[in-house]
Every structure is written in C-alpha cells, then in structure tokens.
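Undergrad: My structure is below; once you've seen it, I'll send some questions.
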Amino acid sequence: GFMTRLHSNFSDCTFDRTSLVGTKFKFCNMVSASFKDCLIRGVLFRKCNLEHAVFSDCIIAASTFEKAKLKNAQFINCKVISSTNLRTFLPENSFVNTEFYDTYPSESSFDLALVDVVNQLREHDFIRRSTVLHRKKGKLDTISLGVLVEEFGQSNLVAILPEAALSIEREFHTLSYIQNVLRKVINDGSF
C-alpha cells in the first residue's frame, strides 16, 4: 500500500481483488475503471475522474473522494464505512445493494466465541499482515467479519476458521481470498 499516483491514466483498468490501503490517487484518469472485490481503506481520490467507474463487492473505508468526478459511477454490493461525500455527490440509483455505515459495527453484535477465534487469528502472520480481519489498536474489522457471517454463519465460522487458517501459507490482501479458503474447507467435506 501507501503509494501516490499523480496524473496517471487508469481509464478502463480493472482492479481485481486488489488492496488499495493508504493509496493516494491525485488527478488520475479513472474513467470506466472497474474495482472488483477490493479493499479500499484510507484511500484518497483527489480530483480524479471516476466517471462511469464501477465498484463491485468492495469494502470502502475511511476514503475520500475529494473534488472527484463521479458522474455515472456505480457502487454494487459494496460496504461503505465513514467515507465522506459519496452519498452527497451521487443519486440513489448509483448505489445497488450497497450499505453505508458511519462507524464499524460493535464487536458485541457477534458471538463471543467468534470474536475469540478471530482475535486468535492475529497470531497468524499472513492473516495479521493482510489487515482484512483486524484493524489497528486491537480492533476487529467488523464489516469484513459481517460479510463472512452473512455467507457462512457464526457457528460455522467458529468451527472452520481455525482449520482454514492452517491452509493459508502465503500473503494475501482481500476478503475474497479468505472466503475462497473457507469455501474450499467446506467443499473438501471436513465439515
């Protein structure tokens, strides 16, 4: 992460399962760019042209669209957390099945057993470094956790997350990677 891009041309580019944590885009052409399954946390889009860009299945957290052109941009199946201005600039029909949060949901809205399991995963080097499930100061990423609960259910996650973690042996940066590992554990029939 932590890259700055000035006046770069990303028009028609596809960002697929990309972590854009802390990236600064300034004056970039991103017309018709496609963002799929991306973690967009703490990103600055300053004076970028995002007309006709499509964000699908993205988690957009604490990101700023400062003086960005967003005409006809689409947000599909996204979770948007404390990201200023997005809703004020765009008509409602720009957002399809997209949820907005002012803050991360409380950890107390999850089973204690699940919170314990996910906290233990901090010991897992690749999971911790991905920052997909964990935030700073010992907090959980309750948005990502909520996405996993929607698909797998809390009790299933308590049962399969520890085993799934054992099969993660490389760096990764997106929630979809964990989802695919969990699906594989389930399909391999151990549960």
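The values are calculated or read from the model by the stated rules, or taken from the named source; none is laboratory data. What you see is a predicted model; the values in this text were computed from it and never measured. Reconstructed Cβ throughout: ideal geometry from the backbone, glycine too, with neighbour counts over all protein chains shown.
Undergrad: For segment 87-106, indicate whether the set of residues that are touching a helix residue (DSSP H, G or I) at 6+ places or on another chain (Cβ under 6 Å) and at pLDDT below 95 is non-empty.
TA: Yes: one or more hits.
Undergrad: In segment 149-191, what count of residues is obtained for those that are among the acidic types (Asp, Glu) and either within 25 Å of Pro105 (Cα to Cα) or surrounded by 14 or more Cβ atoms within 10 Å (Cβ to Cβ) (or both)? If you could, list the steps in order and put the result at the bottom.
TA: Of segment 149-191, the ones among the acidic types (Asp, Glu) are 150-151, 163, 169, 171, 188.
Still in the list and also either within 25 Å of Pro105 (Cα to Cα) or surrounded by 14 or more Cβ atoms within 10 Å (Cβ to Cβ) (or both): 150-151, 163.
Total satisfying the criteria: 3.
Undergrad: Go through (1) assigned to a loop (DSSP other than H, G, I, E, B); (2) hydrophobic (A, V, I, L, M, F, W, C); (3) in contact with a helix residue (DSSP H, G or I) (Cβ under 9 Å, 6 or more places away or on another chain) for Phe65 and report which single condition fails.
TA: (1)
Undergrad: Take segment 68-85 and flag every residue that is within 16 Å of Tyr101 (Cβ to Cβ) and not in a strand (DSSP E or B). Before the answer, list the steps.
TA: Step one: filter segment 68-85 for residues within 16 Å of Tyr101 (Cβ to Cβ), giving 75, 77-85.
Listed by number, the residues that qualify are Asn77, Cys78, Ser82, Ser83, Thr84, Asn85.
Undergrad: Quick one: is Cys58 in contact with a Leu (Cβ under 8 Å, 6 or more places away or on another chain) and either surrounded by 14 or more Cβ atoms within 10 Å (Cβ to Cβ) or at pLDDT below 95 (or both)?
TA: So Cys58 fits the description; yes.
Undergrad: Looking at (1) surrounded by 19 or more Cβ atoms within 10 Å (Cβ to Cβ); (2) more than 22 Å from Leu148 (Cα to Cα); (3) of a type in the set (S, T, N, Q); (4) modelled with pLDDT under 95, can you tell me which one Ser83 breaks?
TA: (2)
Undergrad: Quick check on Ala33: is it surrounded by 22 or more Cβ atoms within 10 Å (Cβ to Cβ) and at pLDDT 95 or above?
TA: So Ala33 passes the test.
Undergrad: Right, another one. Among the candidates Leu50, Leu114, Leu121, Leu44, single out the residue that is in contact with a Lys or Arg (Cβ under 8 Å, 6 or more places away or on another chain), surrounded by 15 or more Cβ atoms within 10 Å (Cβ to Cβ) and outside the structural domain of Thr18 (by TED's automatic domain parsing).
TA: Matching residue, one of Leu50, Leu114, Leu121, Leu44: Leu121.
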